[in-house]
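Trainee: Structure incoming, see below.
None of the figures in this text is laboratory data; all of them are computed from the coordinates on show. Given the structure is predicted, the values throughout are model-derived calculations rather than measurements. Cβ sites come from the backbone with ideal geometry, for glycine too, and all protein chains shown count toward neighbours.
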Amino acid sequence: MCCSLFSNFCALYIHMIDKIGKIVHLHVIVVIFIEPKPKGRSTRFRKTDESLLQESAAGGWQDGATAVCVWIVGKTVFVANIGDAKAVVARSSTSEGSQHNPDGATTMKAIVLTREHKAIYPQERARIQKAGGIVSANGRLQGRLEVSRAFGDRQFKKVGVVATPDIHSFDLTDREHFLILGCDGLWGVFGPSDAVDFVHKLLKEGLPVATVSRRLVREAVLERRCKDNCTAILIVFRHK
């Protein structure tokens, strides 16, 4: 998928059931179009979570979802995430990828744009413990949940789980070639540089973006034996 003047993308990792994924998707669209400023998006993430908690209480379910979202407005890229879903940008050393290896191949660097939110990390652990939660020896909240920020997960909200995203931005230049958004299942079997190299090779072969995205997931699941949910979105920048 290629970006335009205003584009938005979001990858979700859904815990247990599809229903929450559909609900989150609807609310993320609201985030994008109602809140054009990063601070407003953070507020909408929290309001999305409040809505989901009401839905889950009424429906008797307690599932959750992590997410990584990207907004492209003109030449500015905003990235927001909660949980362990990750965004990685492929950046060349110089403009238009003019930096090459001796064999003539363009040098690409994988830049991780997100910070994982896991209960075992000091900043997240401190918030959890302040709320009365416990991070067990296995690194999980109450011995069960690995992530410390998520939509939903109603039973863990009172012990420190929040839906406050980290939001970062950067200016788009000719050095940025594509973005990979993926849930933890993808990144469990692909390192960032590994994924960038895999995608770059297929794009150089002239394959359509959608095909490359499918092959990335297929490689993760069938060849690298990913045992978790595996979601990926590929965004290719077409520079004029």
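Trainee: Can you tell me what the convex hull of the Cα atoms of the stretch 103-222 projects to on average, as an area in nm²?
Mentor: That works out to 10.1 nm², a quarter of the Cα hull's surface.
Trainee: Near residue 87, within a Cβ-to-Cβ distance under 11 Å, what is the net charge of the other residues, with Lys and Arg +1 and Asp and Glu -1?
Mentor: Result for the local shell: +1.
Trainee: Highest mean first, what order results for 137-144, 83-90 on Cβ atoms within 10 Å?
Mentor: 83-90, 137-144
Trainee: Additional query: Can you give the Rg and Dmax of the stretch 152-235 based on its C-alpha atoms, in angstrom?
Mentor: Gyration radius and largest Cα-Cα distance of the stretch 152-235: 15.8, 50 Å.
Trainee: Let me ask something else. Give the peptides 205-218, 169-182, 60-73 in descending order of average Cβ contacts within 10 Å, highest first.
Mentor: With the highest mean Cβ count within 10 Å placed first, the list reads 60-73, 169-182, 205-218.
Trainee: Say the cut-off is 31 Å between C-alpha atoms; which of 75/204; 118/240; 47/204; 201/240; 157/201 go over it?
Mentor: Result: 118/240; 47/204; 157/201 exceed 31 Å.
Trainee: I've got another one for you. Let me check I've understood the local charge: for residue 219, count other residues with C-beta under 14 angstrom from its C-beta, Lys and Arg +1, Asp and Glu -1. What total comes out?
Mentor: Taking every Cβ under 14 Å from that of residue 219, the sum is +3.
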